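**Q** Let me give you the structure first, and then I'll get to my questions.
The values are calculated or read from the model by the stated rules, or taken from the named source; none is laboratory data. It should be emphasised that the depicted structure is a prediction, and the values quoted were computed from it without experimental measurement. A quick note on method: Cβ atoms are made from the backbone with ideal geometry, for glycine too, and the neighbour counts reach across all protein chains shown. Areas reflect the complete protein model, heavy atoms only, side chains present, ligands, DNA and RNA absent. Shrake-Rupley method; radii C 1.70, N 1.55, O 1.52, S 1.80 Å.
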Amino acid sequence: MKKIINIILGSALLLSCFANAHDYKGGNLHIDHPWSKQVPPTSAVAAAFFNIMNHGDEGDTLLRAESPIAGKTELHAHIHEDGMMKMREVEKIDIPANGSRTLKPGSYHIMFFDLQKVPALGDRFPLTLHFAKAGTIEVDVAVEEATYKPSGQQKDEMKSAHAHH
Ligand SMILES: [Cu+2]
C-alpha cells in the first residue's frame with residue numbers, strides 16, 4: 001500500500017513539474033514561463049513576469065497587454081527617482097534583435113489593476129500580449145510563491161532558471 005502511495009505521489013510531482021515548464025512562440029518571439037507573484041485574497045492588484053527571447057534580426061516591441069482577471073492591465077517599469085524605487089506605466093517594452101528582455105520583480109512587469117478575480121496559488125489565468133511585429137500571443141500565467149531577487153542576482157537567476165527546466 002505504501003509503495004502505491006509513493007508511486008502516486010511521485011507521478012503527481014512529475015506532472016506538476018511538467019505543468020510548471022511552459023513556454024510560447026509567436027513569430028520570432030519565444031516567451032518563457034509567464035508567472036505571477038501570489039497576492040493576498042483581498043488584493044486589488046497583481047503583477048506578471050516572463051522572459052521574452054527574440055530570435056529575429058529585427059527588434060520587436062510589446063505594445064500592450066490584457067487579461068480577463070483585471071479591469072485594467074498596464075506595462076510597468078521600476079525607476080530610481082529621488083533615491084527611491086518607484087514603478088510607473090511605460091508606453092512600450094522593447095525586445096532587442098537576437099536578444100531578450102526579462103520581466104521580473106523590481107524591473108519591467110505587467111501590472112493588473114481592479115482585479116475581477118484574485119488569482120490563488122497554483123491557479124493559471126490567460127494573458128494576451130500585443131507585439132508590433134510578432135502580433136498577438138496568448139499565454140497562461142502560473143501563480144507562484146513570491147521569490148523576489150535583487151537585480152544584481154540576475155545572472156545567477158538565469159543560470160538556476162535553466163537548471164530548473
Ligand atoms: Cu507595477
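**Q** For region 60-69, which residues satisfy the criterion of being in contact with an Asp or Glu (Cβ under 9 Å, 6 or more places away or on another chain) and open to solvent by 30 Å² or more (accessible area, probe 1.4 Å)?
**A** LEU63, ARG64
**Q** What is the residue count in region 40-58 for residues that are open to solvent by 30 Å² or more (accessible area, probe 1.4 Å), in a loop (DSSP other than H, G, I, E, B) and touching a strand residue (DSSP E or B) at 6+ places or on another chain (Cβ under 9 Å)?
**A** 3
**Q** If you don't mind, another one. Can you tell me which residues in region 70-121 are of a type outside the set (Lys, Arg), surrounded by 12 or more Cβ atoms within 10 Å (Cβ to Cβ), in a loop (DSSP other than H, G, I, E, B) and within 15 Å of the ligand (Cβ to nearest atom)?
**A** Matches in region 70-121: VAL90, PRO105, GLY106, SER107, TYR108.
**Q** Among the listed residues GLY122, GLY106, GLY135, GLY152, which satisfies the condition of being among the small types (Gly, Ala, Ser), out of contact with any Phe, Trp or Tyr (no Cβ under 8 Å at 6 or more places or on another chain), on the phi > 0 side of the Ramachandran plot and at pLDDT below 95?
**A** GLY122
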